[in-house]
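Let me begin by presenting the structure, written as structure tokens, before commenting on it.
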């Protein structure tokens, strides 16, 4: 993608980005679109896909409203990335179509490669997706940054894994590693290599140790999208990671943020309590008071407003919110509301 992709580690970066979101709303349009695009990229790599989609959409709206053509393609890439990974395929197809049309009149090496990367992500998420792989002109490949070329080759390695072509996967992974030590490509390449070596007859115990080590390394670096893409290329990655308690939590949370319950469930990653929440049993998971708080959260109310509405102390609301996040296995209020919307929180009350 961009500068975030070129970074070797994103640990702690979001703590610096989040306080700037409100300021970006009041910044010059060019600055605002650039900020929202970069922030979306960081959240995407961290596997915070809902947040990435919201940020990319804000940047795209500014660019569209003010006809900032130079920024449109970059915003579209980030929005499509999030839509694909969240399995919102119809929306993703519209974004891909718009980007394709944009590329007819705007030649950009970065966007040309990212367009192919998006199709590869779509193929990993939806095996029925069909696309024609582009043979890039020499000047496109020459002028693209090492980071985006490495990202492209890392995804090529994972899609080769998905097709069962282990030798090809190893070749692409090696080339990606030579071009850049960027966060996303590095882990994509290493995960693809681990899977390919196992398929070629490598030791099962060595495979387990590699997957656990890479899963924990992804968590440490806050580069979790590579892990999600790897589980889509080969779901065994999830079941192997599930054998280690710490790695299990990491891969489970990343897969649930990606709406990949279909991978997480057979890998034994979804506990009974989480299963109730995912299948609409919110009333079996949350107390009546917690359901009331969640309903008010879904309306966008702050803790203070919820406290006033329910005639309870704000500190009590904070306790309820913590319990809701823990029980629904999410990290933010937005994720809780989004998960609750699947379970129709209003009908549970």
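Each reported figure results from applying straightforward, stated rules to the coordinates on display, with no laboratory input. Small disclaimer: the values here were computed from a predicted structure and weren't measured. Positions of Cβ are backbone-derived with ideal geometry, glycine not excepted, and every protein chain shown enters the neighbour counts.
I need 26, 93, 163 ordered by Cβ neighbour count within 10 Å, fewest first.
So the residues, fewest neighbours to most, are 26, 163, 93.
To the nearest µm²/s, what D does Stokes-Einstein give for region 15-121 at 4 °C and 1.567 mPa s, using the Kirkwood radius over alpha carbon pairs as Rh? Each step should come with its number before you reach the end.
Values: Rh = 13.7 Å.
Approximately 95 µm²/s, per Stokes-Einstein.
Could you check the simple spin-label distance between residue 142 and residue 332, using points 7 Å along Cα→Cβ, in nm with one decimal?
Between residue 142 and residue 332, the label points sit 4.2 nm apart.
For the chain, find the longest principal axis of its Cα atoms and tell me its angle to the long axis of helix 89-105, 0 to 90°, nearest 10.
It is inclined by approximately 40 degrees.
Please check which bits of region 89-121 a label hung off residue 135 would reach, taking the label as a point 7 Å along Cα-to-C-beta and the cut-off as backbone N under 20 Å.
It comes to 109, 112-117, 120, nothing else.
Set the Förster radius R0 to 41 Å, insert the Cβ-Cβ distance between residue 283 and residue 100 as r into 1/(1 + (r/R0)^6), and round the FRET efficiency to 0.05.
The calculated FRET efficiency here is 0.35.
I need 49, 110 ordered by Cβ neighbour count within 10 Å, fewest first.
Fewest-to-most Cβ neighbours within 10 Å comes out as 110, 49.
By how many degrees, 0 to 90 and rounded to 10, does the Cα axis of helix 146-162 deviate from the longest principal axis of the chain?
Once rounded, one gets 80 degrees.
Which value, in Å³ per residue, describes the convex hull spanned by the Cα atoms of the chain?
Details: hull volume 48.6 nm³, N = 349.
That works out to 139 Å³ per residue.
Under the 0.36 nm per residue contour assumption, what length would be gained going from the current alpha-carbon distance of residue 216 and residue 315 to full extension?
32.2 nm
Please report the spacing between the Cα centers of region 243-261 and region 64-85 in Å, no decimals.
A separation of 28 Å, based on Cα centres.
Contour minus end-to-end for residue 107 and residue 299, with contour as 0.36 nm per residue of separation and end-to-end as the Cα-Cα distance?
Numbers: separation 192, 0.36 × 192 = 69.12 nm, distance 4.28 nm.
Working it through step by step, the gained length comes to 64.8 nm.
Enter the angle in degrees (range 0 to 90, nearest 10) between the Cα long axis of helix 204-221 and the first principal axis of the Cα atoms of the chain, meaning the one along which they spread out most.
Approximately 70 degrees, to the nearest ten.
Can you put 105, 150, 298 in order of Cβ neighbours within 10 angstrom, beginning with the fewest? Write out the running numbers ahead of the final one.
Values: 105 7, 150 26, 298 16.
Exposure proxy ranking, most exposed first: 105, 298, 150.
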